[in-house]
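Report on the structure given below.
The values are calculated or read from the model by the stated rules, or taken from the named source; none is laboratory data. Values in this document were obtained by computation on a predicted structure and should not be read as measured data. When we count neighbours, we look across all protein chains shown, and the Cβ atoms used for this are built from the backbone with ideal geometry, even at glycine. We work out accessible area using only protein heavy atoms, side chains counted, and drop any ligands, DNA or RNA first. Shrake-Rupley method; radii C 1.70, N 1.55, O 1.52, S 1.80 Å.
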Amino acid sequence: MALAATGLFALMSYAVSRRTREIGIRMALGAKRTQVLSSVLGRTLLLCASGISMGAIATLAAGRLLSAILYGISPRDPATYGAALVVMIAVALVACWTPATRAIRTDPVRALREE
């Protein structure tokens, strides 16, 4: 989980830093901080949802192979999948919160001058 959170944080930090100029333009044109924040968080959740869905499909496909090493749980246990889903979404939100708040604190004039 720590590795996933670190990777997601690094990816979102990079993505936000690449969009600094765009965010500065949006804020200079009057976009509210909540709009910028929801834009960054929305993209993060879209990436996370696609990754979680691909991981769930791969796990369901590999369930028969993993059934030998699972103890006391079915390879298709919906409670386990649900818990993993909730935890991964929470990790994604926490990992992207810092880059998103950094993006909304960006001074539009400073962001437009940077290259």
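Between helix 78-104 and the chain there is an angle of about 10 degrees, using the helix long axis and the longest principal axis of the Cα atoms. Figure legend: label point modelled 7 angstrom from the Cα of THR80 along Cα→Cβ; residues of segment 37-66 with amide N under 19 Å from it are 52-66. Ordering ALA61, VAL87, VAL109 by the projection of their Cα atoms onto the charge dipole of the chain, which places +1 on the Cβ of Lys and Arg and -1 on the Cβ of Asp and Glu, puts VAL109 at the extreme positive end. Remark: spin-label model distance SER67-LEU29 equals 5.5 nm, labels positioned 7 Å along the Cα→Cβ axis. At a probe radius of 1.4 angstrom, the accessible area of the chain per residue rounds to 69 square angstrom.
To put it simply, the accessible area of segment 11-63 at a 1.4 Å probe is 67 percent carbon and sulfur.
For ARG43 and ALA90, the difference between the fully extended length at 0.36 nm per residue and the C-alpha to C-alpha distance is 15.4 nm.
So if I take the centroid of the Cα atoms in segment 5-22 and the same for segment 53-115, what is the distance between those two points in Å? So the separation of the two Cα centres works out to 15 Å.
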